[in-house]
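A short reminder: the numbers here are calculations on the coordinates, not readings from a lab. If you're wondering where the values come from, they're calculated on a predicted model, not measured in any experiment. Every residue, glycine as well, gets a Cβ built from its backbone with ideal geometry; the counts of neighbours run over all protein chains shown.
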């Protein structure tokens, strides 16, 4: 096993990786640390290339102990799809979309929850819970069902109905509540303190970030062990952005990539942009965003426990935090579908809109290599009905 310990992301205090933990004593996320010299000796580009594609080919850089089988639903290596049609219209190199909607349960939440549930099963946890704006609840419920665990999920009332019904279909106890996701999280936390369940909220346990970081590991190998000039990421709780930034450091120390890093661009909606405000103000932590509202429910997170880690990655990378309007999100979803045949989720639309805004502001060059993350399948979300009705008895094909 290559894991050495867990570490408080704020204070550096060390914790035993062989025990169950939530947040550190400082109330901040715990990060998994590895013996990267040992990983370097055990792992090579050739070794990785010779393994079947998928999340679990990276076992040396994941926390599941040897001999413990992962709870898996078939976590594929997601493809990079160039948006050539939109690129021609923008007069730029084609951005690459890493399409996470092809994972089990149709979103990138599968990565983090596959890892978290695998570790929970390893530790003998029987009931697990989290708050969700949609896709995390479905992923937790699916993996917990596969692991034989009981699941409790609390959703804000604005969560898309398909996400709510999907989560319940996997057997979870699903509650829909008034308020925002952080308020739902408070109730989950109270239940955890009372011993009802294990709290698997975003960054409130160490292992979802380890599953999400595989996005960065995959990206490096897919791009020939180099990294793009910039990564645009839909940022709510920010687990994936934090995880990828951690992954790049681990890859370098393991001898698999060099010191070059992409600029990390955190994309939010103007109706919920606490990271953008904190980045613009030069703050280390982000204040809660009151009255959060956006169609991109996955990034409707008023307060993130990992706020300082998101801001740290953005600043260390020379990146930025960008907010986009609702109209720009909707237009981006429509444009990608019509010009490139790719149906983005609203959060993916926000990322595409963020790239467009960054081009206009000079935050990214038109010839730079850019990766946009589409975090879920677009057909999981409500779409406008633009179909036309005809009466077959009187319809004439020549008139259609």
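Take the Cβ atoms of residue 21 and residue 253, set R0 to 22 Å, and the FRET efficiency comes out at 0.40. The alpha carbon centroids of the range 1-63 and the range 265-325 are separated by 26 Å.
When you count the other C-beta atoms within 10 angstrom of each residue and take the mean per peptide, 378-386, 144-152, 120-128, 345-353 line up highest first as 345-353, 144-152, 120-128, 378-386.
As a length-normalised measure over Cα pairs under 8 Å and 6 or more apart, the relative contact order of the range 224-368 settles at 27 percent. Once C-alpha pairs closer than 8 Å and six or more residues apart are averaged by separation and normalised to the residue number of the chain, the relative contact order reads 17 percent.
A straight chain from residue 327 to residue 379 at 0.36 nm per residue would run longer than the Cα-Cα distance by 16.8 nm.
As a rough guide to protection, the peptides 318-329, 361-372 ranked by mean Cβ packing within 10 Å, highest first, stand as 318-329, 361-372. Cα centroids of the range 217-259 and the range 88-119: how far apart, whole angstrom? Between the Cα centre of the range 217-259 and that of the range 88-119, the gap is 13 Å. Highest mean packing comes first when the peptides 132-143, 40-51 are listed by Cβ atoms within 10 Å, giving 132-143, 40-51.
With contacts taken as Cα pairs under 8 Å and at least 6 residues apart, the range 294-400 reaches a relative contact order of 24 percent.
Model label sites at residue 14 and residue 38, defined 7 Å from Cα along the beta-carbon direction, differ in position by 1.3 nm.
Modelled spin-label separation between residue 186 and residue 87, with each label point placed 7 Å from Cα along the Cα-to-Cβ direction: 4.8 nm. Extension gain for residue 168-residue 366 works out to 66.9 nm (0.36 nm per residue, less the C-alpha to C-alpha distance).
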